[in-house]
Amino acid sequence: MWRFVSRLCGVSLRWPSRCSDDFWGGNVVPGAVSEPCVSPHCSPGARVPNSASKHKFTICVEGNIGSGKSTLLNYLAKFREVEMVAEQLDKWRSIRGNNLLEMMYRDPCRWSYLFQSYVQLTMAQSHAVSTTSPVKLMERSIHSACFCFVENMYLNGKMSEAEYSVYWKWYKALTDSFDCRVDLIVYLRTDPKLVHARAKNRARVEEQEIPLEYFIDLHKLYEEWMSEEKFPLAAPVIILDANDDLSTMYRKYNLITQEIMDNKSFLTSLVQPKISY
Ligand code: TTP
Ligand code: MG
């Protein structure tokens, strides 16, 4: 079945080559007694928090600015089994009358660190929010904010060495303290030129002046994370070519949805290839 879907949509799937536990040193809630990790991708002896029973299967939709994440999220959120935790964009645009998103784009050297600290806090809160449905759905994650956006700002000199170091200290502390585990990533892969044009055409004033280079840099970092594992992959990744028009994208969403919703058999069949392709 998976191959069938892959042929139709240009979809591919990657498993992380190493357990994220190796990197994060265990994502353990303070005070919690941990249990052996049963994931086939965990190194022997890896631990997970014993709050595992509260943990809901978490899907994060990732991709460049304007790649269509919200569209896919709204589509998936219609399913009974799914509960969406919306991205906190409104908070980033309005904190006591300050629009941090606008400030960051207007003067990135001055405001990137402040903006990203707030993004990171709201992301940690979204990861931690408890949901009742079997599947929890998020737009991006605390991980992509760090590995793509902050990395980009640091590499481009918009964030200083000192700010980057402190940011990473907070990233480690937050991911150690909150359950930021992700079970599946859907990566919307797009051409940076296309998403640059989409951003220009939509009415989000803060993004009107973002140069094409910014989209190219973010795309490169996403690719380095998703395909080359420059940073550890938190979960298996479904890579979906998202360059098509909306009606074609809806057909693709429809094709992959059952695979995602039926995740248990889908994931098991990939780990133990009992289905011969
Ligand atoms: P996006 O997550 O890119 O949301 P979007 O609505 O643009 O994406 P899509 O069209 O695919 O639904 O983030 C909104 C804005 O916030 C965007 O301008 C990028 C910016 N941003 C950062 O600068 N740093 C971050 O860490 C994150 C998560 C977003
Ligand atoms: Mg969005």
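Look at S126 and say whether it is part of a helix (DSSP H, G or I) and more than 14 Å from ligand 1 (Cβ to nearest atom).
No: the conditions fail for S126.
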Of all residues making up region 80-98, the number that are away from ligand 1 (no atom under 13 Å from the Cβ), surrounded by fewer than 16 Cβ atoms within 10 Å (Cβ to Cβ) and of a type outside the set (V, I, T): 6
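Going by the structure shown, is K193 away from ligand 2 (no atom under 16 Å from the Cβ) and either surrounded by fewer than 15 Cβ atoms within 10 Å (Cβ to Cβ) or free of Cβ contacts under 8 Å to residues at least 12 places away in the same chain (or both)? Reasoning before the result, please.
Numbers: away from ligand 2 (no atom under 16 Å from the Cβ): yes; either surrounded by fewer than 15 Cβ atoms within 10 Å (Cβ to Cβ) or free of Cβ contacts under 8 Å to residues at least 12 places away in the same chain (or both): yes.
When the stated conditions are applied, K193 passes them.
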Residues in region 220-235 that are touching an Asp or Glu at 6+ places or on another chain (Cβ under 8 Å) and basic (K, R) total 1
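For S126, state whether it is of a type in the set (G, A, S), more than 18 Å from N152 (Cα to Cα), surrounded by 14 or more Cβ atoms within 10 Å (Cβ to Cβ) and more than 18 Å from the chain's Cα centre (by Cα). Give the steps one after another, and end with the answer.
On the way: of a type in the set (G, A, S): yes; more than 18 Å from N152 (Cα to Cα): yes; surrounded by 14 or more Cβ atoms within 10 Å (Cβ to Cβ): yes; more than 18 Å from the chain's Cα centre (by Cα): no.
In short, no.
Mind counting the residues in region 60-101 that are without any contact (Cβ under 8 Å) to a residue 24 or more places away in the chain and either within 13 Å of ligand 2 (Cβ to nearest atom) or in a helix (DSSP H, G or I) (or both)? Give the derivation first.
Of all residues in region 60-101, those without any contact (Cβ under 8 Å) to a residue 24 or more places away in the chain come to 74, 78, 89-90, 94-98, 100.
Pick out the ones that are also either within 13 Å of ligand 2 (Cβ to nearest atom) or in a helix (DSSP H, G or I) (or both) and you get 74, 89-90, 100.
Residues in region 60-101 being without any contact (Cβ under 8 Å) to a residue 24 or more places away in the chain and either within 13 Å of ligand 2 (Cβ to nearest atom) or in a helix (DSSP H, G or I) (or both): 4 in total.
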In region 104-120, residue nearest to Y164 (Cα to Cα) [restricted to those that are away from ligand 1 (no atom under 11 Å from the Cβ) and without any contact (Cβ under 8 Å) to a residue 40 or more places away in the chain]: L114
Just give me the residues in region 131-163 being within 12 Å of ligand 1 (Cβ to nearest atom), within 21 Å of K54 (Cβ to Cβ) and polar (S, T, N, Q), in sequence order. S141
Please go through region 58-79 and pick out each residue that is among the β-branched types (V, I, T) and surrounded by fewer than 22 Cβ atoms within 10 Å (Cβ to Cβ). I65, T71
Looking for something modelled with pLDDT under 95, over 24 Å from A173 (Cβ atoms) and hydroxyl-bearing (S, T, Y) - is there at least one such residue anywhere in region 85-98? no
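A quick yes/no check of all residues on (1) under 19 Å from G66 (Cα atoms); (2) modelled with pLDDT under 80:
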{"position": "A235", "(1), (2)": "no, no"}
{"position": "N243", "(1), (2)": "yes, no"}
{"position": "D262", "(1), (2)": "no, yes"}
{"position": "L270", "(1), (2)": "no, yes"}
Output the residues belonging to region 178-225 that are within 14 Å of ligand 1 (Cβ to nearest atom), within 30 Å of H55 (Cβ to Cβ) and part of a helix (DSSP H, G or I). L218, L221, Y222, W225
For region 135-186 the number of residues that are at positive phi, within 16 Å of ligand 2 (Cβ to nearest atom) and among the small types (G, A, S) is 0
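The values are calculated or read from the model by the stated rules, or taken from the named source; none is laboratory data. Every value quoted in this text rests on a predicted model; they were computed, and no experiment measured them. All Cβ positions, even for glycine, are placed from backbone atoms using ideal geometry, and neighbour counts span all protein chains on display.
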